Amino acid sequence: MGRAAVVRGRRHERVLPVGCRARGAPGLGGRRGRARIALRRALRRAAREPLGGRRRPAGGRRARGRVGLARGRRRPNARPPRRRAGRSRPAPDRRRLARGLPVLPRRGRPRRCGAQHCRGRRAGGRVGHVHAGERVSEVIVVGGGIAGMGVAWSLAREGTDVTLVERGTLGRSASWAAAGMLAPAAEIGFDELDLYDLSRQSLAEWPAFARDVEAASGIGVGYDDAGALVVADDRDSARALRRLFQFQESHGVPVTWLSGAEAAEMEPALTSRIPAAIHSPEDHQVDNRAVVRALAAACREAGVTVREETTVETIEPGHPAAVVLDGGERLAAPVVVIAAGAWSGRLAGLDPAPPIRPIKGQALSLRMNADVQFSHFIRAPRAYLVPKSDGRLVVGATSEDRGDDLALTAGGLYRVLEGAVRVAPGVEELDVIETWVGLRPASRDHAPILGRSRQPGIAMAAGAYRHGVLLLPAMARIVSRDVLVMLAGNASEVPDALSPQRFEA
Ligand SMILES: Cc1cc2nc3c(=O)[nH]c(=O)nc-3n(C[C@H](O)[C@H](O)[C@H](O)COP(=O)(O)OP(=O)(O)OC[C@H]3O[C@@H](n4cnc5c(N)ncnc54)[C@H](O)[C@@H]3O)c2cc1C
């Protein structure tokens with residue numbers, strides 16, 4: 001419940017939620033009172049209106065102004081709406097039908113409380129109820145990293161009314177700290193075959209995803225399909241590399257075995273003393289910081305209500321579900337998506353809490369010079385080197401199980417730099433641009449946790465661990481689809497191996 005006001009009634013004092021007014025209480029007369037009544041009527045009309053009948057005006061939600069004017073009405077002196085050339089934008093329901101997605105029934109939308117309730121009859125913060133004055137969306141997304149923004153954008157493109165709540169600035173946590181490798185072949189372990197299939201599927205979706213987000217935002221995301229070299233740096237790691245190569249070949253991964261000299265010929269900045277390498281042409285990369293910027297712009301363009309510098313304190317599962325913010329404000333929606341990265345398991349109200357823990361990664365970027373240039377990214381046993389189109393070379397990263405510790409340490413940076421210099425000695429001469437640390441959201445089994453939980457109205461988009469950038473298109477697709485199916489009241493299609501329910505039995 002939000003902040004409460006004590007109102008003196010005829011017989012006794014009652015505590016009402018913000019926006020509620022006691023029966024017979026003064027304050028509805030006069031011009032301001034009439035305006036409030038008009039606004040309340042508009043809210044009720046909005047709550048009754050079926051979703052498919054709604055149309056977003058050009059210019060996004062901000063341009064619509066107050067709620068009372070949002071549903072097709074214009075201020076008397078407002079300019080006429082801009083008409084688009086060619087075909088008009090289809091209503092959300094028709095777009096959903098065209099894509100084979102379910103149309104939301106009216107019962108999928110929350111209703112605001114009726115007049116009697118507003119007069120305090122049942123006020124008191126009943127979970128699953130929406131009070132007058134509370135903001136209501138169809139979906140609330142908690143956490144504005146790439147997982148949260150990916151889901152929010154995908155839903156908004158389907159015409160869903162989404163509120164995205166981020167405690168800091170959009171995309172400045174793990175998603176900013178990443179190196180941007182899209183590397184199912186180079187990165188996936190022997191015991192992660194399910195994850196490997198999902199990763200390859202997501203990689204296949206990346207080119208179209210990149211095109212769409214670039215078109216929506218006007219920001220290039222640096223999708224680069226030049227491939228990777230996985231290199232050994234001593235005899236032991238060469239033996240391990242040979243086992244990886246055999247495993248990859250047996251699973252049909254298109255890879256080529258190279259001698260050290262062949263690898264150095266492909267990438268002259270590598271030392272020819274490396275014993276062996278694997279060329280992996282199907283491992284790609286993006287500029288993850290550009291992806292973050294593009295997703296943030298695309299979310300806003302698609303009409304997502306973005307609330308930065310706002311922390312979600314508590315989750316209230318229910319019909320509808322709700323979140324309580326740091327200032328005490330309560331937001332309600334039929335579905336709340338948890339995408340709070342490494343902090344997803346800490347949110348009060350989730351029971352059981354999703355098993356996600358932070359794994360710290362320290363990394364740095366260097367300025368490449370004329371002698372040290374790479375066209376592929378390099379995966380070495382103790383470090384990776386990822387060249388970016390703006391001249392940065394990202395070198396990373398440690399993997400430390402140290403809770404919330406965000407300290408940058410000499411030892412951590414030394415280890416990754418030493419690992420890079422072993423395979424590319426020229427790295428020693430490069431200028432340092434930046435050092436940073438991030439927390440990977442690691443689920444207990446290292447696979448992402450996607451789709452609806454057993455708690456009513458709760459879905460997850462979290463736990464992508466070392467592969468959140470790679471898995472972005474697949475996570476956004478799977479979770480947004482499951483949320484639409486949830487809103488329509490249908491059964492989940494998310495595989496058990498990814499569902500939160502695998503940890504909730
Ligand atoms: C050093 C490093 C290198 C990496 N390299 C790669 C790579 O090359 N390729 C790859 O695929 N992956 C990589 N990863 C992993 C990838 O970065 C993550 O899997 C991915 O960014 C996770 O995204 P997310 O949105 O789940 O989490 P985050 O980006 O951490 O976003 C979570 C957001 O939730 C917000 N939040 C938390 N609690 C609350 C709350 N209570 N209320 C409101 N907001 C809240 C946070 O402020 C944050 O912005 C790397 C990670 C690190 C650390």
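The values are calculated or read from the model by the stated rules, or taken from the named source; none is laboratory data. Just so we're clear, the structure is a prediction, and the values are computed from it rather than from any experiment. Note that we place each Cβ from the backbone using ideal geometry, even for glycine, and neighbour counts take in every protein chain shown.
General observations
- Residues that are closer than 13 Å to Trp153 by Cβ and part of a loop (DSSP other than H, G, I, E, B) within region 293-330 comprise Ala302, Gly303, Val304, listed in sequence order.
- Val483 within 19 Å of the chain's Cα centre (by Cα) and in contact (Cβ under 8 Å) with a residue 12 or more places away in the chain: yes
- Region 454-482, residues that are away from the ligand (no atom under 16 Å from the Cβ), closer than 16 Å to Val151 by Cβ and either outside the structural domain of Ala296 (by TED's automatic domain parsing) or not small (Gly, Ala, Ser) (or both): Arg481, Asp482
- Test for Gly361: is it assigned to a loop (DSSP other than H, G, I, E, B), touching a residue at least 24 places away in the same chain (Cβ under 8 Å) and under 21 Å from the mean Cα position of the chain (by Cα): no
- All of Pro495, Pro448, Pro500 fail the test of being within 16 Å of the ligand (Cβ to nearest atom), assigned by TED's automatic domain parsing to the domain that holds Ala332 and more than 15 Å from the chain's Cα centre (by Cα), apart from Pro500.
- Residue list for region 229-266, filter: without any contact (Cβ under 8 Å) to a residue 60 or more places away in the chain, under 20 Å from Leu203 (Cα atoms) and in contact with a Leu (Cβ under 8 Å, 6 or more places away or on another chain): His251
- Qualifying residue in region 158-171 (condition: out of contact with any helix residue (DSSP H, G or I) (no Cβ under 7 Å at 6 or more places or on another chain), in contact (Cβ under 8 Å) with a residue 12 or more places away in the chain and in a helix (DSSP H, G or I)): no
- Set Arg379, Arg422, Arg357: member being more than 15 Å from the ligand (Cβ to nearest atom) and either farther than 30 Å from Gly489 by Cβ or surrounded by fewer than 21 Cβ atoms within 10 Å (Cβ to Cβ) (or both): Arg422
- When the test is whether a residue is touching a Pro at 6+ places or on another chain (Cβ under 7 Å) and either of a type in the set (Phe, Trp, Tyr) or surrounded by fewer than 23 Cβ atoms within 10 Å (Cβ to Cβ) (or both), Asp404 passes it.
- Among (1) within 11 Å of the ligand (Cβ to nearest atom); (2) polar (S, T, N, Q); (3) surrounded by fewer than 17 Cβ atoms within 10 Å (Cβ to Cβ) - the single one Asn369 does not satisfy: (1)
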